[in-house]
Amino acid sequence: MNDNDLAGGEVIELEIPARAEFVALARLVVSALAASDSSLADERIDDLKLAVSEACTNAIEAHSAAGTSEGVLVRCKAGVDTVEVYVEDRGHGFDPAQLPDHPPVTDPDRLKFERGLGIPLIRALVDEVEFSPTDKGTSVRLVMRHGTNGTHS
Amino acid sequence: MDLGLDVEERDGFAVLSVRGEVDVYTAPRFRERLIELVSEGKHKIIVDLEGVDFLDSTGLGVLVGGLKRLRSHDGDLLLVCTQSRILKVFEITGLTKVFSIFDSVDAAVSGGADGGAAT
């Protein structure tokens, strides 16, 4: 990530301890900034809030798996037409392309999958998502644009 | 963050009403309560999500786990939800086809007893 990505607009940066109780704080901060500074509809702010929750949950799990006590960085930039959120972890990284596909919902085996729903949700909810490896872990970039119609799956 | 988990009996069903936000922090309590109910022998459970303000994939995981556990006891887990922002999470993940989702506890009680579902 470089600062050009966040040029213009209000920026909030916060580092949350990599613990489950702080995911609600990340949701709250991102939705408050999006509500005050962007023209996103409430429904789309709810979608972004959910995507942020999923990304932060994954980051915290990555930290726990990596055994690091470092925090998770959440950076949110809200302009009138675009809200961008970065969630950066210091876990071991992962390849989203390697995620297993879930069996079709009509297959009884579908019930074996209690996890792994977060990334498909993120992809369906935001206008743009990017998973990039960093030297320390993974950076997830979520983008919501005003004027697009929401869920695209 | 508060998570409300109240249980009442209704015509042979245990109705678990969930209030507040269900995420990675609160989901373990929700999971434990469901497991407790099953181990108390309650195999027909209605989870009322009308008081839920937020639910993410960890909450979905608890519900999928609960359904699986109940089906292994020949039981069932029915949902009550009319809020579009919560229903949306089930729709995106395809779980509307896995769960029977009703408009009210009354509808779930009568629908569940017939073995039918609204969706």
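The values are calculated or read from the model by the stated rules, or taken from the named source; none is laboratory data. The structure displayed is predicted, hence computed values, not measured ones. Neighbour counts run over all protein chains shown; Cβ positions are idealised from the backbone, glycine included.
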Single match in A:Val72, A:Val83 (criterion: more than 13 Å from A:Ile16 (Cα to Cα) and surrounded by 24 or more Cβ atoms within 10 Å (Cβ to Cβ)): A:Val83
Inside segment A:37-59, can you point out the residues that are buried (at least 16 other Cβ atoms within 10 Å of the Cβ) and facing another protein chain (nearest Cβ under 10 Å)? A:Asp46, A:Asp47, A:Lys49, A:Leu50, A:Ala51, A:Val52, A:Ser53, A:Glu54, A:Cys56, A:Thr57, A:Asn58
Please specify each residue of segment B:6-30 satisfying the condition of being farther than 18 Å from A:Leu50 by Cα and surrounded by fewer than 19 Cβ atoms within 10 Å (Cβ to Cβ). B:Asp6, B:Val7, B:Glu8, B:Glu9, B:Arg10, B:Asp11, B:Gly12, B:Ser17, B:Pro28, B:Arg29
Since A:Ala97 meets every condition but one in (1) modelled with pLDDT of 65 or more; (2) surrounded by 12 or more Cβ atoms within 10 Å (Cβ to Cβ), which condition does it not meet? (2)
Note: among A:Ala18, A:Ala24, A:Ala34, A:Ala62, just one is part of a helix (DSSP H, G or I), in contact (Cβ under 8 Å) with a residue 40 or more places away in the chain, surrounded by 19 or more Cβ atoms within 10 Å (Cβ to Cβ) and within 13 Å of chain B (Cβ to nearest Cβ), namely A:Ala62
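Any residue that is in contact with a Gly (Cβ under 7 Å, 6 or more places away or on another chain), within 14 Å of chain A (Cβ to nearest Cβ) and among the aliphatic types (A, V, I, L, M) - is there at least one of those in segment B:67-80? Break it down into steps so the answer makes sense when it comes.
Narrowing segment B:67-80 to residues in contact with a Gly (Cβ under 7 Å, 6 or more places away or on another chain): B:76-78.
With within 14 Å of chain A (Cβ to nearest Cβ) added as a condition, the list becomes B:76-77.
Applying the additional criterion that residues be among the aliphatic types (A, V, I, L, M) yields B:77.
So far as segment B:67-80 goes, yes, one or more of its residues are in contact with a Gly (Cβ under 7 Å, 6 or more places away or on another chain), within 14 Å of chain A (Cβ to nearest Cβ) and among the aliphatic types (A, V, I, L, M).
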Across segment A:56-94, what is the total count of residues that are within 24 Å of B:Val89 (Cα to Cα), in contact with a Gly (Cβ under 8 Å, 6 or more places away or on another chain) and of a type in the set (A, V, I, L, M, F, W, C)? 2
